[in-house]
Amino acid sequence: MALRVMRDMLIEKVYECMLSDESIFFVSADLGAPALDKLRANFPDRFINVGIAEQNSINVATGLALEGFKVYAYGIALFITMRAYEQIRTNISVLTQIRDININLIGVGSGLSYDVVGPTHHCLEDSCIMNVLPGFTVFSPSDAVLSGKFVDYTLQHSGPKYVRLDGKAQPELYAYEDDIPFDDGFCELRKGKDICIVSTGYMTHVALEIFDLLRKYSIQAGVVDQFLLKPFNKERLLTILRQYRHVVTMEEAFINKGGLDTIVEHLCFSNRLFVGMTKIGFSDKYVFDVGDREHLYKVNNLDLKAIIETIKSDLKKGG
């Protein structure tokens, strides 16, 4: 199975589009990538490196968008969201209620992508804080194919968007020829009848492993890859969830803070779908242990064995 870095596929697609569309600009907060070298070299007039200044990158990107350009602002997920949050809120979220602009924030290193660096570079809050901003589309892909295909969506749909990308190479879950249902905002990767796992980003890879392991306990799970946290087709997702007695949400983010788990929980209960629910993610604390992703999952009870035991326990409770 091919391993690809999400940012490389997305940047390569942006580059292809820039060849025929002179209205596209790319703004970087001094973050490089192999795929970015060609773009920077061939489009020096439409590539802007603002330096390590994420707040200014938002200001520059907004100014370009106000002039009618389609803009991609690129930086480390932690910094382009949290360091520049006031600028994002005021310059983009507030502004887009009165002006139509096409601006796309690309955050690389969501979740525990920068695993060994520690909590200062872990990004477990971005899906929650960006989801709360009015008007924003929040895209959380599980593989590079989705990332690349989403570029067409960004060009066809105006408005502010946040793209949260994992920083490490991941297996491809989708094929290039797949017709991705971006208007739905999710894809049903596996069908089941006992529980439905709704996952996003890197956690979709974990969800597929959980799907295989649960079969050993005669638990038939479905898996939904929720790649758009908003907007998405709520009625269609409800139709799928109504087929199950228990829902499991999985995200590499804090739980009970407004992320995927809150979105799914609100969708179910506000539509009187009273199912059992298990939330898999990080609890209300930062991760100070040193180690790779696998180690950090284990010390936070998010390894495969711990997740299986949590699901089995919740099912025994009658959920």
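Quick note: the coordinates plus some simple rules give every number you see, no bench work behind them. All values reported here derive from a predicted model rather than from experimental measurement. In this analysis, Cβ positions are derived from the backbone assuming ideal geometry, glycine residues included, and neighbour counts consider all displayed protein chains.
Descriptive notes on the structure:
- Region 1-45 and region 76-116: distance between their alpha carbon centers, rounded to Å: 18
- Sites count as exposed loop sites when they are GluC sites (Glu not before Pro), lie in a DSSP loop, and have at most 11 other Cβ atoms within 10 angstrom; the longest stretch of the chain without one is 178-319.
- The chain - charge dipole about Cα centre, Lys and Arg +1 at Cβ, Asp and Glu -1, debye rounded to 20: 1020
- Area projected by the alpha carbon convex hull of the chain, averaged over all directions, nm²: 15.8
- Other residues within the sphere of radius under 14 Å centred on the Cβ of Ser218, judged by their own Cβ, net out at +3 (K and R +1, D and E -1).
- Rounded to 10°, Cα long-axis angle of helix 203-214 versus longest principal axis of the chain: 20
- The translational diffusion coefficient of region 186-316, from Stokes-Einstein at 4 °C and 1.567 mPa s with a Kirkwood hydrodynamic radius over alpha carbon pairs, comes to 87 µm²/s.
- Rounded to 5, the percent of DSSP beta bridges in region 3-171 classed as antiparallel: 10
- DSSP bridge analysis restricted to the chain gives an antiparallel fraction near 20%, rounded to the nearest 5.
- With Cα atoms, 0 to 90° folded angle of helix 54-66 axis to the chain main axis: 70
- When peptides 189-196, 272-279 are ranked by their average number of other Cβ atoms within 10 Å per residue, the highest-first order is 189-196, 272-279.
- Ordering Ser218, Gly109, Asn59 by the projection of their Cα atoms onto the charge dipole of the chain, which places +1 on the Cβ of Lys and Arg and -1 on the Cβ of Asp and Glu, puts Ser218 at the extreme positive end.
- Across region 3-171, Cα pairs under 8 Å and at least six residues apart give a relative contact order of 30 percent.
- Shape of region 121-167, Cα gyration tensor, a/c cut at 1.5: oblate
- Residues whose placed amide H lies under 5 Å from that of Phe282, excluding near-sequence neighbours: Ala253, Phe254, Ile255
- Prolate/oblate/rounded label for region 3-171 (Cα gyration tensor, a/c 1.5): rounded
- Hits among lysines - C-alpha to C-alpha of Lys257 under 21 Å, sequence gap 8 or more where chains match: Lys161, Lys230, Lys234, Lys279, Lys285
- When you restrict to C-alpha pairs under 8 Å that are six or more residues apart and normalise by the size of region 186-316, the relative contact order lands at 25 percent.
- Nearest 10 degrees, 0 to 90: helix 6-20 Cα axis against the chain principal axis: 40
- Estimated [θ] at 222 nm from DSSP helical runs (n ≥ 4, -39500 (n - 2.57)) normalised by residues in the chain, nearest 500: -10000 deg cm²/dmol
- Placing unit charges on the Cβ atoms only, positive for Lys and Arg and negative for Asp and Glu, gives region 199-253 a dipole magnitude near 300 debye about its Cα centre.
- Only Cα pairs under 8 Å and 6+ residues apart enter the sum, and on that basis the relative contact order of region 95-136 stands at 32 percent.
- Each residue of region 36-49 was assigned a 3J(HN,Hα) from its phi angle through the Karplus curve 6.51 cos²θ - 1.76 cosθ + 1.60 (θ = phi - 60°); the sequence is 7, 4, 5, 4, 5, 6, 8, 10, x, 7, 10, 10, 10, 9 Hz, with glycine and proline shown as x.
- Share, in percent, of DSSP beta bridges within region 186-316 that are antiparallel, nearest 5: 20
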